[in-house]
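J.: Have a look at the structure that comes next, please.
Readers should treat all values here as calculations from the given coordinates under stated rules, not as data from a laboratory. These numbers were taken from a predicted model, which means no experiment stands behind them.
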Amino acid sequence: SSGFANYEAKKTKAEEFGSYLFKSAKLGFINCDRFLDYDESYKIDYVINFKNDSNTSVSIIFHSIKSVMTGYSNADNISFNNIPSGEKITIFAIKYVDDKPYLATQETETSQQKLNNLAFEEVTPEKLKQEIKKLDRLN
């Protein structure tokens, strides 16, 4: 089989996982329109720097509104644009390498400070499900 087909399959896997995440955790799905009413002076572009490839799906979960947002992907980062500063979030990133899932989660706050490292570790499907369940209990 061609490497390209393989690559496509992996890409979908991370994306599929992203949508699975939203369905299974009791979280809403939002885009930046959610924050239209917020004062402009509080809004920022939150950026996570890492060598990105399309096998990776990165989302942030806003604790206060129990909602998930996916970022815009560039070669070297993922950005979440026009969102409020100082919000408590959990970053939830998954990537597939050789068909094995790797997960990075991190609790932090939105700020102008770029986040520079996501620590991915290999996870079993069971561990992945446990991590998603944890998202139900965010506060």
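J.: Can you tell me the Rg and the Dmax, both Å, for the Cα atoms in the range 59-139?
T.: Cα only, the range 59-139: 13.0, 37 Å (Rg, Dmax).
J.: Taking 0.36 nm per residue of sequence separation and subtracting the Cα-Cα distance, how much length would be gained by fully extending the chain between Asn74 and Asp98, in nm to one decimal? If you can, show how the numbers build up before the last one.
T.: Numbers: separation 24, 0.36 × 24 = 8.64 nm, distance 2.22 nm.
Stretched fully, the Asn74-Asp98 segment lengthens by 6.4 nm.
J.: May I pose another question? Going by the alpha-carbon gyration tensor, a ≥ b ≥ c the square roots of its eigenvalues, is the range 45-98 rounded (a/c under 1.5) or, if a/c is not under 1.5, prolate (a/b greater than b/c) versus oblate?
T.: Numbers: a/c = 2.77, a/b = 1.60, b/c = 1.74.
In terms of gyration-tensor shape, oblate.
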